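S.K.: Structure incoming, see below.
The values are calculated or read from the model by the stated rules, or taken from the named source; none is laboratory data. Note that the structure is predicted; figures quoted are calculated from it, not measured. Neighbour counts are summed over all protein chains in view; Cβ atoms, including those assigned to glycine, are modelled from backbone coordinates with ideal geometry. To get the accessible areas, we keep the full protein, side chains included, count just its heavy atoms, and leave off ligands, DNA and RNA. Shrake-Rupley method; radii C 1.70, N 1.55, O 1.52, S 1.80 Å.
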Amino acid sequence: MLALSLALPTQAQERSSPVDVAGRARLAAQQAVDAAAGLDQAQGGPSSCVGEACTPQALAGRYRIVEDGYAGSVLELGGDGNYALTLVMHPMPRSSKGQWSLDDGMLLLHPRDDLADTVQLVPHEARSAERAQLAQLLADLEQAHPDPADRNGQEERGELQAQLADTHVAGRPLFVNLLDPMSGVASDGIQVVLELAQGELAAEGRLPEGNTYRFPSPAPGQVVTGLRLHFPGMDQSLRLPLQPPLRPGYQVLFDGCAIGLCESATMGLLLEQGDDGARLHALGVGMFQRVNH
């Protein structure tokens with residue numbers, strides 16, 4: 001009815017030349033198509049999902065994070081109880097599949113992941129956002145201390161320059177960052193060592209601003225061959241080979257629940273209800289908002 005009512009006024013106008021009539025007809029037809037598309041979009045929009053209307057059937061659909069660090073991540077909730085989650089983490093997205101349920105305002109994801117895909121190694125140069133942050137810190141530090149002879153902040157400046165280098169600089173420390181974006185489980189209890197051709201190199205310590213481990217620079221003649229992680233509760237350590245050339249830093253992406261660091265493998269998302277429909281808040285990841293099919 002909406003498309004028809006927009007086309008009717010053209011029939012009541014005065015007679016004109018064939019060119020004008022054809023032009024108005026094309027315009028009316030385009031308006032009708034646009035109106036119909038708008039009606040379809042409105043009907044397929046997010047459910048209000050308020051109060052008792054928030055049933056599993058009403059929540060089934062496609063959700064996307066539109067801002068924050070994981071923008072573009074997609075969560076699909078199937079009406080059959082299955083889900084598919086893709087977290088955008090450059091250069092390697094992290095995916096999870098399984099079953100979902102709704103329990104007292106929480107959306108629960110029960111993954112059925114392949115354990116072989118739960119740990120990934122990313123070299124430092126692939127983490128563009130972190131590199132941009134380090135570059136800004138270095139620029140701020142150089143602006144605060146423009147005199148090369150000024151020793152204030154000299155050590156910090158040298159470490160930032162080393163982390164931004166294309167390859168590891170001899171004499172500078174190595175950094176390994178652990179990140180669990182799937183469940184938010186802290187990396188407490190994980191032991192991280194560098195595997196050398198001549199043995200192992202233990203970390204000097206863990207930096208206070210995050211799950212970042214600092215290693216002393218390998219001695220001359222020592223060859224780093226891999227990164228070894230000792231997860232609590234696992235009999236054998238996990239080895240991640242480090243291909244040459246050696247980088248100044250690496251990031252390990254892992255799912256703590258999938259490798260046994262959780263009592264339950266379930267991931268919970270807080271259900272929030274608003275005028276624009278239901279939203280799903282994944283702590284530490286971002287807000288999933290319903291998108292049209």
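S.K.: Quote the charge dipole size of the range 58-102 about the Cα centre in Debye, to the nearest 20; the model charges only the Cβ of Lys and Arg (+1) and of Asp and Glu (-1).
M.R.: In total the dipole reaches around 100 debye.
S.K.: Relative contact order of the range 154-293: what whole-number percent is it, with Cα pairs under 8 angstrom and at least 6 residues apart?
M.R.: Rounded, it is 26 percent for the range 154-293.
S.K.: So, one more: According to a simple spin-label model (label point 7 Å from Cα along Cα-to-Cβ), what is the distance in nm between GLU200 and ALA71?
M.R.: 4.2 nm
S.K.: Given H placed 1.01 Å from N in the peptide plane, which residues other than close sequence neighbours of ALA278 have an amide H under 5 Å from its amide H?
M.R.: Excluding prolines and chain starts, which carry no amide H, the hits are SER47.
S.K.: Using +1 on the beta carbon of Lys and Arg, -1 on that of Asp and Glu, and nothing else charged, what's the dipole of the range 139-242 about the Cα centre, debye to 20?
M.R.: 360 debye
S.K.: Can you pull the one-decimal nm distance between simple spin-label points at ALA170 and ARG112, each 7 Å off the Cα toward Cβ?
M.R.: 5.4 nm
S.K.: Can you tell me the FRET efficiency between ASP140 and ARG214 if r is taken as the Cβ-Cβ distance and R0 is 35 Å, rounded to the nearest 0.05?
M.R.: Computed FRET efficiency for ASP140 and ARG214 comes out at 0.95.
S.K.: Sticking with this one: Cβ neighbours within 10 Å, averaged per peptide: list 194-206, 278-290 in order, most packed at the top.
M.R.: 278-290, 194-206
S.K.: Of the beta bridges DSSP finds with both residues in the range 141-293, what % are antiparallel, to the nearest 5?
M.R.: Roughly 85 percent of the beta bridges in the range 141-293 run antiparallel, per DSSP.
S.K.: So how do 252-262, 215-225, 168-178 stack up, highest first, on mean other-Cβ count within 10 Å?
M.R.: Taking the mean over residues of other Cβ atoms within 10 Å, the ranking is 252-262, 168-178, 215-225.
S.K.: Apply the Karplus parameterisation 6.51 cos²θ - 1.76 cosθ + 1.60, with θ equal to phi minus 60°, to every residue of the range 218-228 and state each ³J(HN,Hα) to the nearest whole Hz, in sequence, with x for glycine and proline.
M.R.: Using θ = phi - 60°, the values come out as x, 6, x, x, 7, 10, 7, 10, x, 10, 10 Hz.
S.K.: May I ask you to derive the FRET efficiency for GLU155 and ARG228 from their Cβ-Cβ distance with R0 = 30 Å, giving the value to the nearest 0.05?
M.R.: Once the sixth-power term is evaluated, E becomes 0.60.
S.K.: Would you list ASP140, ASP150 from the most to the least accessible area, probe 1.4 Å?
M.R.: Ranked list, largest accessible area first: ASP140, ASP150.
S.K.: How many percent of the accessible area of the range 135-293 is carbon or sulfur, using a 1.4 Å probe?
M.R.: Carbon plus sulfur share of accessible area: 49 percent.
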